[in-house]
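Trainee: Take a look at this one; I'll ask things after.
The values are calculated or read from the model by the stated rules, or taken from the named source; none is laboratory data. Computed from a predicted structure; not experimentally measured. Cβ coordinates were reconstructed from backbone atoms using ideal geometry, including for glycine residues, and neighbour counts include every protein chain displayed.
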Ligand code: IPE
Ligand code: IPE
Ligand code: MG
């Protein structure tokens, strides 16, 4: 039997122990470079290598979807040169890896506002999405020009537009509202990781984080890879997710009492 989720299928019918969807705030590129006396751009470049390692390692841990924060709506405040370096990384990553990712069954989705991106970047991300739309082995979501608040405002606007067109049937529900978010159709977020020691969301996945677990790691993003991801997953396995309810038969406390 095959169990289908929005993004994946499990051939043996038994989904592996989660997390199925890990979202990562890839932070610390600048500090990684500064500590080595290098320009920040070098940190961002090494950050792309870390992303490649992490995407490669993820399926090993039963992860079927990765969402990574690549550029926030607030990152436009950085000096123009750094913004341009960060845009250049999209060209480099997609340019060098799209064919391979496509062959490996990875579907790419970009979360965030398309409007406001340089025209060539918008074209690159459109192409990456279109070329991999038929893949379902792994879902890689890149939050780029993404802000959780902007995304929620856009969803609210989408609903208001529906009402104005006379297309909204019935009251607004959480499910109907979430259809307007850029994450719509993706699997729920199980685990949010932030690297570099900072412990804040910085406007990442505000709505989707509602019942996600959080792991903060001291490693700087360019040093990330299979080992650090494995550590984050191990921490997740020690959590007891209750979603506001009770499930004594499976809770850690009940297991400990025997
Ligand atoms: C994360 O690294 C990459 C982006 C924000 C795009 P930073 O550039 O934020 O690195 P630090 O936090 O300054 O070390
Ligand atoms: C969050 O990191 C954005 C990304 C990782 C793309 P920032 O480095 O921009 O966040 P703050 O400024 O430390 O909150
Ligand atoms: Mg940072």
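Trainee: In this structure, is residue 228 under 15 Å from residue 58 (Cβ atoms), part of a helix (DSSP H, G or I) and more than 16 Å from ligand 3 (Cβ to nearest atom)?
Mentor: Answer is yes for this residue.
Trainee: Residues that are more than 16 Å from ligand 2 (Cβ to nearest atom), at pLDDT below 95 and either more than 24 Å from residue 95 (Cα to Cα) or surrounded by fewer than 21 Cβ atoms within 10 Å (Cβ to Cβ) (or both): does the stretch 17-32 have at least one?
Mentor: yes
Trainee: Still on this structure: So, in the stretch 56-77, of the ones that are in a loop (DSSP other than H, G, I, E, B) and more than 10 Å from ligand 2 (Cβ to nearest atom), which residue ends up surrounded by the fewest Cβ atoms within 10 Å (Cβ to Cβ)?
Mentor: From the stretch 56-77, those in a loop (DSSP other than H, G, I, E, B) are 62-64, 73-74; that's our starting set.
So of that shortlist, the ones also more than 10 Å from ligand 2 (Cβ to nearest atom) come out as 62-64.
Numbers: 62: 14, 63: 24, 64: 24.
My answer is 62.
Trainee: Still on this structure, please answer the following. Give the stretch 97-123 a look and list any residue that's surrounded by 13 or more Cβ atoms within 10 Å (Cβ to Cβ) and under 16 Å from residue 83 (Cβ atoms), or say none.
Mentor: Going through the stretch 97-123, the residues surrounded by 13 or more Cβ atoms within 10 Å (Cβ to Cβ) turn out to be 97-98, 101-102, 104-114, 117-118, 121-122.
Listed by number, the residues that qualify are 112, 113, 117, 118, 121, 122.
Trainee: Right, next: Considering only residues that are under 18 Å from residue 52 (Cβ atoms), assigned to a helix (DSSP H, G or I) and in contact with a helix residue (DSSP H, G or I) (Cβ under 6 Å, 6 or more places away or on another chain), which ones fall in the stretch 92-130?
Mentor: 93, 94, 98, 102, 124, 128
Trainee: Follow-up. Taking the stated definitions as given, is residue 35 more than 16 Å from ligand 2 (Cβ to nearest atom), modelled with pLDDT of 95 or more and surrounded by fewer than 18 Cβ atoms within 10 Å (Cβ to Cβ)?
Mentor: In short, no.
Trainee: Regarding residue 226, is this residue surrounded by fewer than 15 Cβ atoms within 10 Å (Cβ to Cβ), touching a helix residue (DSSP H, G or I) at 6+ places or on another chain (Cβ under 7 Å) and at pLDDT 95 or above?
Mentor: So residue 226 fits the description; yes.
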